[in-house]
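Step one of this worksheet: look at the structure below.
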């Protein structure tokens, strides 16, 4: 594959399956023999908790790595490298960088820094070698942490819950993506696709919302979906991906299908 693929999983709306998708897509890719790094860019540390770590108990996090990527904040450096921060999962070839509430100080800390939108990109290019895929779990906002994630990414995967008002949230993210490209922050950024998540096709509201998004973005909506599945909810409290927690579940099947779909769609085999 050459240089690693960096994808950000983004949506300004919370509760649409961003963290679940980051963890389980990463696990599915790792099962195909790829080395995958997950990055938690949410101060709430949902991905960190999903994978069985307590954010409050972390000595170091992605915050430390971002701060150390700029010489202008030398006085804040703790002398921490990637190997001191990176965490192992119970799955071979799947690692992650955790987050905690320290990340909520990011805006204030970097307010006076030039090119602060490039901190994550600079860190990845300098330190995160040896991976095939890097998946970034972005926060449910359109602030500087999401902007850093978009600037660092090759592609954006947008999970959305099939419900009313989902189209409005998608459009706001699309506007930010277009701004990132037009302002020259990341002109090569592409949208990998729109991923229907938490899908319950028995509900009329689900069918109507999916039809609305398909009409608005016929070329972007992916031909696969993530169905509502109790195993997905249970796995988030187990410290494991659903592929390891309940490998025969619908959730495990859906994320394996998603990884196959994305690899084939983007010609990345």
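Read-outs throughout are calculated quantities, based only on the coordinates presented, and are distinct from any laboratory measurement. Keep in mind that what you see is a predicted model, and the values were worked out from it rather than measured. Positions of Cβ are backbone-derived with ideal geometry, glycine not excepted, and every protein chain shown enters the neighbour counts.
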statement: Taking alpha-carbon centroids only, region 150-171 lies from region 199-223 a number of Å equal to 13
message: Between residue 248 and residue 216, what is the label-point separation in nm under the 7 Å Cα-to-beta-carbon projection?
response: 4.0
task: Take the Cβ-Cβ distance between residue 234 and residue 165 as r, set R0 to 30 Å, and report the resulting FRET efficiency rounded to the nearest 0.05.
output: 0.60
- prompt: Full extension from residue 129 to residue 227: what is 0.36 nm times the residue separation minus their Cα-Cα distance, to one decimal in nm?
  reply: 31.9 nm
message: Order these by the 10 Å Cβ neighbour count, fewest first: 115, 53.
response: 115, 53
query: Cα axis of helix 166-182 to longest principal axis of the chain: angle in degrees, 0 to 90, nearest 10?
result: 40
field: Sequence of 23, 180, 230 once ranked by neighbouring C-beta atoms within 10 Å, starting from the fewest
entry: 230, 180, 23
message: Using only the alpha-carbon atoms, what does region 145-269 span along each of its principal axes? Please give whole angstrom values in decreasing order.
response: 44, 33, 28
- prompt: Which stretch or stretches of region 136-172 have amide N atoms under 16 Å from the point lying 7 Å from residue 178's Cα along the Cα→Cβ direction?
  reply: 167-172
task: Per DSSP H run of n ≥ 4, the term is -39500 (n - 2.57); total these for the chain, divide by its residue number, and report the mean residue ellipticity at 222 nm rounded to 500 deg cm²/dmol.
output: -11500 deg cm²/dmol
Between helix 18-31 and the chain: long-axis angle, C-alpha atoms, 0 to 90°, nearest 10: 90
message: To test your reading of the geometry: what angle, between 0 and 90 degrees and rounded to tens, separates the Cα axis of helix 250-266 from the longest principal axis of the chain?
response: 70
query: Quick one: what does P(r) look like for the chain with 10 Å bins over all Cα pairs, in whole %?
result: 7, 32, 38, 20, 4, 0
query: At residue 35 and residue 203, where each label point lies 7 Å from the Cα along Cα→Cβ, what is the point-to-point distance in nanometres?
result: 4.1
- prompt: Over all pairs of distinct alpha carbons, what does the Kirkwood formula give as the hydrodynamic radius of region 23-135, in Å?
  reply: 14.5
